[in-house]
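Visitor: Can you read through this structure? Questions will come right after.
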Amino acid sequence: MQVGSAFALCEESGLQPGLRDALRTRARAGTLKVRNDPMASPTGFPFKVAELAGTLSDPAVRTARRDVCDLGYLRVPYRTAKGAIGYRCPAEPAAAYRRKGGSATDTEGRLCLCNGLLATVGLGQRHPSGRDEPPVVTLGQDLDFLTELSPDGGPYRAVEVLEWLTGRGPISQVVPPSAGWGP
């Protein structure tokens, strides 16, 4: 079972509040699109991208962002011409990736998930030029849970997600207070 989206949109999640509110509002209105982007992830795995203005899903934001791989969490090792181990990422500048023996076609459509996901939770970098890293939001495509967790479109809490999942009513009655759960 996957319930990451329900927790991602709750008040305690790490998503920036403005992003979280916009996502919930658009999902409830039926205007939020979440698409599978087979090229976004530098790892080659399909990545679900929520289409939201001001994020890397926006072609203008994506084009304006200077390619940089300065965190490197998704870099992969490769053997250099001298036999040493080097690291590269298809989301880094294409010229740098090619210099490291990578194929230019591997860089097409890639997003810097390291910087984008950190920006999504308020830890985006501000570069010397004053440019802030834009966020990228990933969610599941089935957001029907919002009709039950947020019938009025307002915020909800993680404990409510747990109550919804268990179907047992207030979680404080199910889990002992010593477990640290509850309102």
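Visitor: Provide V34, V76, V68 in ascending order of the number of other Cβ atoms located within 10 Å of each residue's Cβ, fewest first.
Guide: Ordered from fewest to most neighbouring Cβ atoms within 10 Å, V34, V76, V68 come out as V76, V68, V34.
Visitor: Output the lone cysteines of the chain: those with no second cysteine's C-beta under 4.7 Å from their C-beta.
Guide: C10, C112, C114
Visitor: With the contact rule set at Cα under 8 Å and sequence spacing of 6 or more, what percent relative contact order holds for the chain?
Guide: Worked out over the chain, it gives 24 percent.
Visitor: Which of D144, D21, D106, D132 comes first, and how do the rest follow, when ranked by fewest Cβ neighbours within 10 Å?
Guide: D144, D132, D21, D106
Visitor: If one computes the Cα centroid of region 70-101 and of region 106-171, what distance in Å separates the two points?
Guide: Cα centres, region 70-101 to region 106-171: 29 Å.
Visitor: Using only Cα atoms, find the angle between the long axis of helix 17-29 and the longest principal axis of the chain, and express it within 0 to 90 degrees, rounded to the nearest 10.
Guide: 70
Visitor: By count of other Cβ within 10 Å, fewest leading, how are S57, S13, S103 ordered?
Guide: S103, S13, S57
Visitor: Just subtract the alpha-carbon distance of R131 and I85 from 0.36 nm times their residue separation and send over the number in nm, one decimal. Write down the numbers at each step before the final one.
Guide: Working: separation 46, 0.36 × 46 = 16.56 nm, distance 3.18 nm.
That works out to 13.4 nm of additional length.
Visitor: Something else now. Taking 30 Å as R0, compute the FRET efficiency from the Cβ-Cβ separation of Y73 and T25 and round it to 0.05.
Guide: Values: r = 31 Å, r/R0 = 1.02.
The computed FRET efficiency comes out at 0.45.
Visitor: Please compute the modelled spin-label separation between V3 and T147, points set 7 Å along Cα→Cβ, answer in nm with one decimal.
Guide: So the label points at T147 and V3 sit 1.9 nm apart.
Visitor: Can you compute the label reach from R65? Point 7 Å from Cα along the Cβ direction, backbone N cut-off under 18 Å, restricted to region 8-24.
Guide: Counting backbone N atoms under 18 Å from the label point, the list is 15-20, 23.
Visitor: If you don't mind, another one. If each DSSP helix of 4+ residues adds -39,500 (n - 2.57) and the sum is divided by the residues in the chain, what number results at 222 nm, nearest 500 deg cm²/dmol?
Guide: Calculated at 222 nm, the ellipticity per residue is -7500 deg cm²/dmol.
Coordinate-derived values only; no laboratory data. If you're wondering where the values come from, they're calculated on a predicted model, not measured in any experiment. A quick note on method: Cβ atoms are made from the backbone with ideal geometry, for glycine too, and the neighbour counts reach across all protein chains shown.
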